[in-house]
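Have a look at the structure below, then the notes.
The values are calculated or read from the model by the stated rules, or taken from the named source; none is laboratory data. What you are looking at is a predicted structure, and each value in this text was computed from that prediction instead of being measured. Cβ coordinates were reconstructed from backbone atoms using ideal geometry, including for glycine residues, and neighbour counts include every protein chain displayed. Quick note on the areas: whole protein, heavy atoms, side chains included, nothing else; ligands and nucleic acids left out. Shrake-Rupley method; radii C 1.70, N 1.55, O 1.52, S 1.80 Å.
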Amino acid sequence: MITPSVPPPLAVDSKSALAAELAKAGVDTAQLKVGYWEELVWFPGGNYVNRTLTVEAPNGQKMDFDATATLKSPHVTARDVLAMCSA
């Protein structure tokens, strides 16, 4: 697992899309910690890179989300973050 020293465009764009969607829902995004990391996954046929956002709520709960899926559908990730924050 690595956290790139210079965030790739996907990290910046997916975080921004999620923040905008959470702001629409009235969430104070300053209360959330959102990190981006990558992990090279090996399997018998080759490998791929998981590109992940980790969101930590003020209550200490954490959830991981696919960064590409978050960029495509930030409302889905935002819904899950809202549920996590209210748990």
Which pairs have Cβ atoms under 6 Å, sit 6 or more apart or on different chains, and link a residue in segment 60-84 that is among the small types (Gly, Ala, Ser) to one that is modelled with pLDDT of 95 or more and in a helix (DSSP H, G or I)?
Ala67/Leu10; Ala67/Ser14; Ala78/Glu21; Ala78/Leu22
Do we have Leu32 as closer than 17 Å to Asp80 by Cα, touching a Cys at 6+ places or on another chain (Cβ under 9 Å) and open to solvent by less than 50 Å² (accessible area, probe 1.4 Å) here?
yes
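Here's the yes/no breakdown for (1) open to solvent by 50 Å² or more (accessible area, probe 1.4 Å); (2) among the aromatic types (Phe, Trp, Tyr):
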{"residue": "Leu18", "(1), (2)": "no, no"}
{"residue": "Lys24", "(1), (2)": "yes, no"}
{"residue": "Trp42", "(1), (2)": "yes, yes"}
{"residue": "Asn47", "(1), (2)": "yes, no"}
{"residue": "Ala67", "(1), (2)": "no, no"}
Just wondering, is there one or more residues in segment 6-28 that are more than 13 Å from Leu53 (Cα to Cα) and either among the polar types (S, T, N, Q) or in a strand (DSSP E or B) (or both)?
no
Please count how many residues of segment 1-16 are open to solvent by less than 70 Å² (accessible area, probe 1.4 Å) and over 12 Å from the mean Cα position of the chain (by Cα).
2
Would you please name the residue that is farthest from Lys15 (Cα to Cα), looking only at residues in segment 56-77 that are touching a Leu at 6+ places or on another chain (Cβ under 6 Å) and of a type in the set (Val, Ile, Thr)?
Thr77
For segment 69-87, the count of residues that are at pLDDT 95 or above and open to solvent by less than 60 Å² (accessible area, probe 1.4 Å) equals 9
For a quick check of your reading of the model, give me the residue pairs whose first member lies in segment 31-51 and is outside any strand (DSSP E or B), whose second is among the aromatic types (Phe, Trp, Tyr), with beta-carbon atoms closer than 9 Å and at least 6 apart or on different chains.
none
